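Values quoted throughout were computed directly from the atomic coordinates according to the rules given, and no laboratory measurement underlies them. Just so it is clear, the structure is predicted and the values come from calculations on it, not from any experiment. Positions of Cβ are backbone-derived with ideal geometry, glycine not excepted, and every protein chain shown enters the neighbour counts.
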Amino acid sequence: MWADIGVFFGIWAAVYVATLALYFGEGALLVWINKRNPDRRIQPKRRGEDRARIEIIQSVKSLVVTCGCLAGGLWLQYMGWTIWAPLELTWVSAIGMFLVSIVLYDAWFYWGHRLMHTKTLYKHHFWHHRSVAPTVWSNYSDTLMDAFAMQSYYLIAPIFVPIPPLVLVAHRVWDHINGQIGHSGFEYFADRSTRFPSPMVCVTFHDQHHEHFRYNYANFFSFWDRIGGTLHPKYDEKVASYSQPAPAPEKTPAE
């Protein structure tokens with residue numbers, strides 16, 4: 001039994017170290033890119049970077065919970081304490097279960113996120129919204145309770161869904177990459193594929209959530225916000241504006 005518990009803490013430590021490395025590595029890369037493209041800033045009058053130190057410290061703390069959830073899900077599979085055994089890893093099961101997990105997580109995130117905005121639970125979520133203009137360091141700037149509420153999917157889903165362990169890890173890596181980009185505050189991906197009728201979103205989607213608070217609760221897709229009436233009314237318009245050519249400079253009369 002003690003050996004099995006040791007396996008859990010070993011997985012937890014490995015996941016935590018790997019996530020920190022990805023957090024700082026991707027964060028540094030995005031900061032480097034953003035500094036070279038100041039015109040891409042979504043909220044030009046705000047500088048969320050001023051909170052970087054606070055957000056990094058809080059993220060290092062909250063990632064203990066986030067990584068514990070993933071480690072717990074993997075450990076439950078290792079112990080065989082799930083309703084369904086994970087599917088054998090094949091190309092079909094990998095791609096299929098990855099897509100299934102992404103869709104399930106988006107529903108989990110949307111409804112859980114809306115609950116965290118209720119009067120009763122918002123005290124656990126308020127810290128994240130201190131970042132009105134989010135940055136690459138904002139993604140995990142959560143209270144520990146908030147982190148558990150949103151990330152416990154990785155602990156609970158493996159009990160009910162036969163996700164191969166490597167697919168669950170791949171989902172978590174994708175969620176991490178997507179989350180840091182989505183909080184970066186700089187737009188690089190806005191085009192026709194990220195507005196209606198497409199369910200895909202761009203950085204502006206979550207940036208509007210931080211700026212306006214009561215819109216755009218989902219994570220990967222706009223589907224739930226569209227049918228739930230919580231999509232920011234100018235999201236599609238804002239995305240479309242990025243595709244419009246800049247006005248030509250006025251010609252001065254020849255002397």
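At a glance:
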{"quantity": "Helix runs (DSSP H) in the chain reaching 27 Å along axis by Cα, Kyte-Doolittle at least 0.5", "calculated": "2-35, 52-79, 91-116"}
{"quantity": "Choice from Glu26, Glu211, Glu88 showing the highest fluctuation, given a GNM over the chain with Cα pairs closer than 10 Å", "calculated": "Glu88"}
{"quantity": "Over the stretch 2-184: Rg over Rh, Cα atoms, Kirkwood Rh", "calculated": "0.99"}
{"quantity": "Nearest-20 debye value, the stretch 2-184 charge dipole, Cβ charges on Lys, Arg, Asp, Glu", "calculated": "900 debye"}
{"quantity": "CD proxy at 222 nm, helix term only [per DSSP H run n ≥ 4: -39500 (n - 2.57); per residue of the chain; nearest 500]", "calculated": "-19000 deg cm²/dmol"}
{"quantity": "Over the chain, relative contact order from alpha-carbon pairs under 8 Å, at least 6 apart, %", "calculated": "24 percent"}
{"quantity": "Overall dimensions of the stretch 104-166 as given by Cα atoms, namely Rg and Dmax in Å", "calculated": "13.2, 38"}
{"quantity": "Stokes-Einstein D in µm²/s, Kirkwood radius over Cα pairs - the stretch 155-236 at 10 °C with 1.306 mPa s viscosity", "calculated": "115 µm²/s"}
